[in-house]
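S.K.: Take a look at this one; I'll ask things after.
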Amino acid sequence: MFVFNALVPAMTSPLLYEPMLKIDHVLFVDDDEITNYLNVRLVQKLKIANEIKVATNGLEALELIKKKRKAGENCPNLIFLDLNMPLMDGFQFLETFSQMDECAVPPRIVVVTTSTNNKDLDRLQHYSFISGYINKPMTTEKLQRVLGEVYAGK
């Protein structure tokens, strides 16, 4: 279970999260092209990922994961997942993903959404493998906060 708006201990640096090593592979799953562009640029600016991929819905994300595994590659280490998308929304992705055994090392999943619907937030509590939550738009501060929470102690 994850906690919304958890506090991150103060650090000596102005950044909340300073990666010792880059995250190998980040996957954004969102149907909005502008959001994807901005989020990818943010991750590139912070230099926290070796590889960044984008899927525009849950089905495309699952296919990308299966394709990587079939090629002998690892699953993404970190997935940023929107909830409201066509074809397969974030909840359908989570349900299908939870039944897959494609990933030897399960990725950390951070939900990134505009939804403030309590029903959506309650539904997310049922997925123990969700590592965090960001309310759109993603900013440097929000990203650093959630990465600090997700990778605390790593």
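S.K.: List every residue pair whose Cβ atoms sit under 8 Å apart, with the two residues 6 or more apart in sequence or on different chains, where the first one lies in the stretch 74-95 and is touching a residue at least 60 places away in the same chain (Cβ under 8 Å) and the second, anywhere, is aliphatic (A, V, I, L, M) and assigned to a loop (DSSP other than H, G, I, E, B).
M.R.: Here the result reads Gly90/Leu83, each pair linking the stretch 74-95 to a residue that is aliphatic (A, V, I, L, M) and assigned to a loop (DSSP other than H, G, I, E, B).
S.K.: Here's something else I'd like to know. So Tyr133 passes all but one of these: (1) under 13 Å from the mean Cα position of the chain (by Cα); (2) of a type in the set (Ser, Thr, Tyr); (3) assigned to a loop (DSSP other than H, G, I, E, B). Which condition number does it fail?
M.R.: Of everything listed in (1) under 13 Å from the mean Cα position of the chain (by Cα); (2) of a type in the set (Ser, Thr, Tyr); (3) assigned to a loop (DSSP other than H, G, I, E, B), Tyr133 misses just condition (3).
S.K.: Another question, if that's okay. Being touching a helix residue (DSSP H, G or I) at 6+ places or on another chain (Cβ under 7 Å) and charged (D, E, K, R) is the filter; apply it to the stretch 72-122 and report the residue that is surrounded by the fewest Cβ atoms within 10 Å (Cβ to Cβ).
M.R.: Among them, the one singled out is Glu102.
Quick note: the coordinates plus some simple rules give every number you see, no bench work behind them. Note that the structure is a prediction, hence the values are computed from the model and not measured. When we count neighbours, we look across all protein chains shown, and the Cβ atoms used for this are built from the backbone with ideal geometry, even at glycine.
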